[in-house]
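Asks: A single structure is presented below for examination.
The values are calculated or read from the model by the stated rules, or taken from the named source; none is laboratory data. Since the model is a prediction, treat every value here as computed from it, not as a measurement. Please note: Cβ atoms are built from the backbone with ideal geometry, for glycine as well, and neighbour counts cover all protein chains shown.
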């Protein structure tokens, strides 16, 4: 594994700024921890986002429900910049939380052919823009277990379509069935997976 | 770098199947080399794609012009599955070609702060879902030089937004200015970069 360009900052402090208008305009608010309902924080629509540090997950609905989207450090000047790769239309962005992930060098998970950790399986510890190109035999995954760190799984190859954030810190890292992958999940299709890094 | 799940097939044979209807229905056609105009091949609209092997790039217009999108092994059952992360609306898919990329372990490129390979610079040889998280100091890149292999660069973090395919086999790997990144490029914004693998 080659070294990063510069040592990444320690993941002790996480910060995101949300804006009510595109291109970082209008009313804004900084967050350094989870927010279960942006309306309750006095924000209305979110139209641009600047992630200052850490990795975050945004949710369509309050209380961390609905479609998910990963937010990593950088600038998202409009709605499409952070929801663009979701296959279903998303109308709102209502809650968000930081993701506590291991150093990505130690991230590890198992994927299984069938639900409840049954059938053929393999261990993942890298980024996989196409699971099939790396040897997985079909476009679905039956169940998953995250041993260390956090991953984002995608419906289509090349990190596109529905996103599912999978963490060893949640559900003991166990995702027995696609119905556990998120309240929005409607299919076992998973075709690309990558580690989440700070 | 951990080994892939199974050894990937050698990139000698590349194959993609295009379908005129969603979910791999309707008239279909297999390609094992580039196609500069799908109308001339007797295809009308493309609504689903199955990439059997290799990495490909699709283009909005004929003769490899317009917005680009990477196609890696796997299934794209509908239009949004392969165009979903583009920030601008795309109406057609008119040409495609295979990407000849090195073993991803040897992929290397340089990014520069300013055009014509000037200013601060750094070498990339990994996947970077957030360039800023890895130490790059701003959401733009001035110019790029691909020394080995091929990369896909994205407008936003997390592999979202406009895509630009950068190859050492094309333009001698030199991309002096954002106007060379593709006929659709309108901004120097680049916030995530990853290697293209077979």
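Asks: Counting just the residues of the range A:135-170 that are within 9 Å of chain B (Cβ to nearest Cβ) and in contact with a helix residue (DSSP H, G or I) (Cβ under 7 Å, 6 or more places away or on another chain), which one comes out surrounded by the most Cβ atoms within 10 Å (Cβ to Cβ)?
Replies: A:160
Asks: Looking at A:177, A:145, A:171, A:184, which is the one that is over 15 Å from the mean Cα position of the chain (by Cα) and touching a residue at least 60 places away in the same chain (Cβ under 8 Å)?
Replies: Among A:177, A:145, A:171, A:184, only A:177 is over 15 Å from the mean Cα position of the chain (by Cα) and touching a residue at least 60 places away in the same chain (Cβ under 8 Å).
Asks: Additional query: Taking only the range A:99-126 into account, find how many residues are within 16 Å of the chain's Cα centre (by Cα), facing chain B (nearest Cβ under 9 Å) and crowded, with 22+ Cβ neighbours inside 10 Å.
Replies: 0
Asks: Against the condition at pLDDT below 95 and not assigned by the TED database to the domain that holds residue A:61, how does residue A:143 come out, does it pass?
Replies: No; evaluated as a whole, the condition is false for this residue.
Asks: Checking residue B:182 against (1) more than 8 Å from every other protein chain (Cβ to nearest Cβ); (2) assigned to a loop (DSSP other than H, G, I, E, B); (3) modelled with pLDDT of 90 or more, only one condition comes out false. Which one?
Replies: Failing condition for residue B:182: (3).
Asks: Conditions: (1) buried (at least 24 other Cβ atoms within 10 Å of the Cβ); (2) over 24 Å from residue A:192 (Cα atoms). Residue B:184 meets all but one. Number of the miss?
Replies: In the conditions (1) buried (at least 24 other Cβ atoms within 10 Å of the Cβ); (2) over 24 Å from residue A:192 (Cα atoms), residue B:184 misses (1) alone.
Asks: Among the strands (runs of 3 or more DSSP E) confined wholly to the range B:1-98, which include 1 or more residues that are at pLDDT 85 or above and within 14 Å of another protein chain (Cβ to nearest Cβ)?
Replies: B:15-21, B:48-53, B:56-61, B:65-71, B:74-76, B:95-98
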